[in-house]
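No lab work stands behind these numbers, since they all come straight from the coordinates. Note that the structure is a prediction, hence the values are computed from the model and not measured. Cβ atoms come from the backbone with ideal geometry, glycine included; neighbour counts cover every protein chain shown.
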Amino acid sequence: MNVKTPKIGAGRPWRIRFGGHPRVLYAGLSITAFWFVLALGADFIAPFDPNAQDIANVLHPPSLAHWLGTDNFGRDVLSRVIHGTRIDLQMGLIGVFLPFILGTVIGALSGYFGRFVDVVLMRVLDVMLSFPWLVLLIAIITVLRPGLGSFFIAITLVGWVSYARLVRAQTLVLKSSEFVQAAVNLGYSHLRILFRHILPNAMVPSIVFSMSDVVLVILAGSAISYLGLGVQPPTAEWGVMIAEGQNFMMTAWWISAFPGISIVFLAFGFSLLADGLGEKLGVQA
Amino acid sequence: MTAKVLEVEDLVVTIHTASGVLTAIDGVSFELHEGEVLGLVGESGSGKTLTGRAILRLLPSRRMAIQRGAIRLNGEDITKFDETRMRRVRGRSVGMIFQNPTSHLDPVMTVGSQIAESIRFYEGLPRKESLVRAAELLRQVDIPDPAVRLSSFPHEFSGGMRQRVMIAAALACRPKILIADEPTTALDVTVQAQILRLLLGLRERRGLSIILVTHDLGVVAQTCDTVAVMYAGRLLERAPKRNLLRGTLHPYTMGLIASQPGKGKPREELPSIFGQQPSLSDLPEGCRFHPRCDYSEAQCRAAVPPLEEVDVNHQTACRRWRELAKQKILGAA
Amino acid sequence: MHRFNFVIFRPIQMIPVLFGISLITFILIHSIPGDPIRILLGPRATQEVIAAVHAQYGLDKPIYIQYGYFLLNLTKGDMGRSIVFKMPVLALIGERITATLFLLTYGLVFALALTLPLAIIAAIYRGRFPDHFIRLVSTVGLGFPAFWLGIMMMIVFSVWLGQFPVSGYGRTFVQHLHHLFLPSLTIAIALSAVLVRNLRASLLVEMDSDYVAACRAKGLPERWIFYRHVIRNSLIPTINLLGVNLGWLIGGTVVIETVFSVPGLGSLLVSSIFTRDYMVVMAITMVFACAIVIVNFIVDIVTVALDPRIEL
């Protein structure tokens, strides 16, 4: 992702105002809202128990009874997709939130206090960015043993880099800006200046980036689960379902097809959110 | 009297915006003779740059259009030309150079190729021969070591040198007319004079006619033969340079001349015309200058003043010029 | 040619980065639960034998000495042994790397073949239907999980239409092309989504730039201006983006090789995790990281060659 320097105006641009008609933003909000409703209400919306096996109804194509068909254990694909929303959405949100926090703190401290810390950080970033992040993710999960918890630890260890870089760059710019100099002259403490004055503004590009990062993390999470390193069967998770369906792709395309379409549609929502938010805040991520 | 090479008649350019159609250039007429340097003068937003671009039919936005009027090049109305024919006019009959030479040159192409490319395209010359021609052009615009400099990139040149390169590129296919849009505004004063001298020299050697778009009456005084003053999309006065600078017959031109810095005029005492040029969406009725004019009266507000022929070559759009000249406010001292 | 001096100096600057890569890999190897020697020797090894091998590999020494041994071995080209394949890891990587390189190159060619026309069409028809359509498709494409896309393509092209094999690599060049068609197309589609959006945006910026107006004033036709000026200027940021996205691209091939059972480094990486062949996992991770460092260096050279303004 190439991130251009955002325009920083006076005031507090991180406070998002939903005025005007940013169609892209609204479309993104509607799509993500749809998935949130599905995730929260999965127990009420899903027509079947996602793990209920029905040996009499194995590998049934989509029909009126089972809208998206059934899998090799006779489980209802629609219900599993709906319940999978919970896991994948959770993966995307937690998998962005943790690196966001870690990266922001490191980036802000390094950009603000600079000197030795900053030099070390820059070298660490260089090294971290040399690793293909999915491969590093896999390597860390290998060490930690496969599972959802390992995925979160690994994504935090790998993902903080982007946020640290963004926040550091912003902090450097803001540190020399007039309103921060004014705060320094008023004798405010370093921590107060950093957290009350600089960070809220420095986080704007990270917030926009985090929306598109949700897409990357969901893709990575489902890929990890597909490879068998993340969420374990029989849990209904989209990547796991796609992997299970691959064994039956000769006869039952629907087992793999629908979870994938769900990933695409969920990711589309967050991509639009990122585009719309970036447009609104004048940041290109 | 030399031959007319270009004649603009009643040119109207409109802009389509969300809130309606605005008129950016409103009934502008002038002519250009062989070997003449015509200064098109006005504040920013007066439509002078747009007029220059309209002659090449290169309006900066798709929302703009030539609504009416004729642009006659050697007697032929080019507003009737299709795009293919129009392309042959550009560069071959009429060349153009721009205000900011840095952004108007392709940063990743050598200056030699940029000068040579229209020769290659129009005359089908192979690369080598076209570069020989490019070197000759660089020599004509006084760039030292032209053969070596061919393979330089624009960022390796100074601002004045880049403007020279742009002039060379514009003249590559030997146009007879050159439209120079604020060619010296982005340059240092000393370099400005060099570029203006170069343009005048090229006029002599190539029999070039030049339309010089500028806001700077100093530049006009140094170079032009004739001056046309534009304001809010209209032509207010047109006269030979001497007549205009020594005996203008329009209050706006008078204000412009008075606000030029010059000898014996300390900067802080410079008079300026009060107010601002009106925006295109909110143009005043009648004479467009009347809200800022010290001498306006009811008639000025009521009707659009025609461009009146004062002398053979002198026209003014002020209906009170006779009175004001009598009172020694306007006109030659 | 002083602008290209960095070609000599950059490799020296790359040394600390390579050092860091080796350090992270070493830390990862050390964090692996269990005793690697025990795994290497199998369950029937006696305590004495294990201790002897420990001493032989220097595992009884302090950790920084172990790191020293690790680096020393790396310079000798020794990345340890694979317990599953019973051979040096480096030799194993050498066997598998061709398929991965083939797949990456093939995918990249496909990606360019998709990106260039789509971005150009979108930019030319800016704001009209083709543009909206291409932007929509590429935004949707951002969220395509490569592994799922691969399976869908298998279902359509292999199972339903019977056109391409679902797995393998083949023996001859032509067979490679045939076998890797779907995997590389999958990679290309996922990559193109990012590239199309970026290239379209920079094309639009360049098409509006002043030098284009100046070219028009010279009487050059739109086509000429577009192909000789606009595209070249627009490609510079896109090539940089390609370099930035290389890590992501390699991650994609790991998954795609597994989906299509391509015998490359990626599928070896994943299968080694399940066979607990940890040295292989770490060695491949390190090889990929070094590859990225080198390719970014190449991207820099290309950028400098394309853009005369850049000095590195």
What is segment B:232-326 by shape, rounded, prolate or oblate, if you read a ≥ b ≥ c off the alpha carbon gyration tensor as root eigenvalues and call it rounded for a/c under 1.5, prolate for a/b larger than b/c, and oblate otherwise?
oblate
Shielding by other protein chains, C:218-227, mean Cβ within 10 Å
6
What does the helix-only formula give at 222 nm for chain A: each DSSP H stretch with n ≥ 4 adding -39500 (n - 2.57), the total divided by the residues, and the result rounded to the nearest 500 deg cm²/dmol?
-22000 deg cm²/dmol
Per-residue average of Cβ from other chains inside 10 Å of B:145-157:
1
Given the -39500 (n - 2.57) contribution per DSSP H run of 4+ residues, what per-residue ellipticity at 222 nm results for chain C, rounded to the nearest 500 deg cm²/dmol?
-24000 deg cm²/dmol
How many Cβ atoms of partner chains, on average, are near each residue of A:240-248 if near means within 10 Å of its Cβ?
3
Determine, for each peptide in C:213-223, A:192-202, B:87-97, the mean count of other beta carbons within 10 angstrom over its residues, then list the peptides with the highest first.
B:87-97, C:213-223, A:192-202
Extreme residue, positive dipole direction of segment B:4-229, given options B:P60, B:L22, B:T223 (C-beta unit charges)
B:P60
Placing unit charges on C-beta atoms (Lys and Arg positive, Asp and Glu negative, everything else neutral), compute the dipole magnitude of the protein assembly as shown about its Cα centre in debye, rounded to 20.
1540
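By count of other Cβ within 10 Å, fewest leading, how are B:E83, B:E297 ordered? Don't jump to the answer; show the numbers that get you there.
Working: B:E83 9, B:E297 12.
Lowest to highest Cβ neighbour count: B:E83, B:E297.
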If you average the sequence gap of Cα pairs under 8 Å that are 6 or more apart and divide by the length of chain C, what percent do you get for the contact order?
25
Please say if segment C:44-162 is rounded, prolate or oblate, where rounded means a/c under 1.5 for a ≥ b ≥ c the square roots of the C-alpha gyration tensor eigenvalues, and otherwise the choice is prolate for a/b larger than b/c and oblate otherwise?
prolate
Starting from the amide H of B:L40, placed 1.01 Å from N in the peptide plane, find each other amide H under 5 Å away whose residue is 5 or more places distant or on another chain.
B:L212, B:V213, B:T214, B:A228
Whole-Hz Karplus couplings 3J(HN,Hα) for segment C:87-97, θ = phi - 60° and coefficients 6.51, -1.76, 1.60, Gly and Pro as x, run 8, x, 4, 4, 5, 5, 4, x, 5, 8, 6
Which Cα, out of A:L172, A:A220, A:G187, lies furthest along the positive dipole direction of segment A:135-285 (beta carbon charges, K/R +1, D/E -1)?
A:G187
For the ranges B:249-255, C:91-97, B:299-305, what's the packing order if you count other beta-carbon atoms within 10 Å of each residue, average per peptide, and put the highest first?
B:249-255, C:91-97, B:299-305
Listed highest first by mean packing, meaning other Cβ atoms within 10 Å per residue, what order do B:23-33, B:280-290 come in?
B:23-33, B:280-290
Most exposed first by the Cβ proxy, i.e. fewest other Cβ within 10 Å, how do B:Y122, C:Y211, A:Y26 rank?
A:Y26, B:Y122, C:Y211
Take the alpha carbon gyration tensor of chain A, find the square roots of its eigenvalues, order them as a ≥ b ≥ c, and report rounded if a/c is under 1.5; if not, report prolate when a/b exceeds b/c, else oblate.
prolate
Answer with one residue from C:G251, C:S184, C:M282: the one whose Cα lies farthest towards the positive end of the charge dipole of segment C:97-306, charges on Cβ with Lys, Arg +1 and Asp, Glu -1.
C:S184
Whole-number Å³ per residue for the convex hull built on Cα positions in chain B
150
Taking θ = phi - 60°, what integer Hz values does the Karplus form 6.51 cos²θ - 1.76 cosθ + 1.60 yield along segment C:21-31, in sequence order, with x for Gly and Pro?
4, 5, 5, 4, 4, 4, 4, 4, 4, 6, 7
Sequence-distant or interchain residues sharing an amide H contact under 5 Å with B:I25, placed H: which?
B:V13
I need the phi-derived Karplus couplings for segment B:2-10: 6.51 cos²θ - 1.76 cosθ + 1.60, θ = phi - 60°, integer Hz, Gly and Pro marked x.
7, 6, 6, 9, 9, 9, 9, 10, 6
Under a point-charge model restricted to the Cβ atoms of Lys and Arg (+1) and Asp and Glu (-1), what is the dipole moment magnitude of chain C relative to its Cα centre, in debye to the nearest 20?
460
Would you please give the residues with an amide H less than 5 Å from that of B:E308, counting only those at least 5 places away or on a separate chain, with H modeled from the backbone geometry?
B:T316, B:A317, B:C318
So how strong a dipole does segment A:22-281 carry about its Cα centre when Lys and Arg Cβ are +1 and Asp and Glu Cβ are -1, to the nearest 20 debye?
940
